[in-house]
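The values are calculated or read from the model by the stated rules, or taken from the named source; none is laboratory data. These numbers come from a predicted model, not from an experiment. Every residue, glycine as well, gets a Cβ built from its backbone with ideal geometry; the counts of neighbours run over all protein chains shown.
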Amino acid sequence: MTRLWLISGAVLGFIGVAAGSFGAHGLKTLLESNGQSANWETAVRYCLFHAVALLIVGVMTVLPQAVGVRGLLSGAGWGFLVGTAIFSGVLAALALTGVKILGAIVPIGGVLLLVGWACLAAAGYWLASAE
């Protein structure tokens, strides 16, 4: 799973930087005319934050003392990866299309992100307890 989290984090980081740049330059007029600049920026910000979180999960999985918490780290990784895809992806689609019903899907991604953070917190707790 280490490879999955490290590659996913790097890919999300790439996507976040590219989307941020594209939004600031190529899509600026469209996003401003639709009143969707804030949604685009939020999608990019969450993508970048969770790219870093996935890299942290990937690094933690190789720690020898993390053997007992690999399930929690896997839960964190999946929560971050799928949560980001849904949260940032759907929010970006909303920003581009203006289709308001997409806003109802975004919280599903948010809940998965929260699950990811809860799993990472639990892993950190149990990892620190083992010392």
(1) at pLDDT below 95; (2) surrounded by 12 or more Cβ atoms within 10 Å (Cβ to Cβ); (3) hydroxyl-bearing (Ser, Thr, Tyr) all hold for SER129 apart from (2)
Of those in the stretch 1-22 that are in contact with a Leu (Cβ under 6 Å, 6 or more places away or on another chain) and of a type in the set (Gly, Ala, Ser), the residue surrounded by the most Cβ atoms within 10 Å (Cβ to Cβ) is GLY9
Of the residues in the stretch 57-83, those that are within 14 Å of LEU6 (Cα to Cα) and buried (at least 17 other Cβ atoms within 10 Å of the Cβ) come to VAL57, GLY58, MET60, THR61, LEU73, SER74, ALA76, GLY77, TRP78, PHE80, LEU81
Cβ pairs under 7 Å, 6+ apart or interchain, first in the stretch 98-122 and over 18 Å from ASN39 (Cβ atoms) and surrounded by 15 or more Cβ atoms within 10 Å (Cβ to Cβ), second at pLDDT 95 or above and β-branched (Val, Ile, Thr), ordered by first then second residue, are LEU112/VAL82; LEU112/ILE86; LEU120/VAL57
Is it true that some residue in the stretch 37-53 is assigned to a helix (DSSP H, G or I) and loosely packed, with under 13 Cβ neighbours inside 10 Å?
yes
Taking the stretch 21-36 and the residues there that are of a type in the set (A, V, I, L, M, F, W, C) and part of a helix (DSSP H, G or I), the one that is farthest from GLY83 (Cα to Cα) would be LEU30
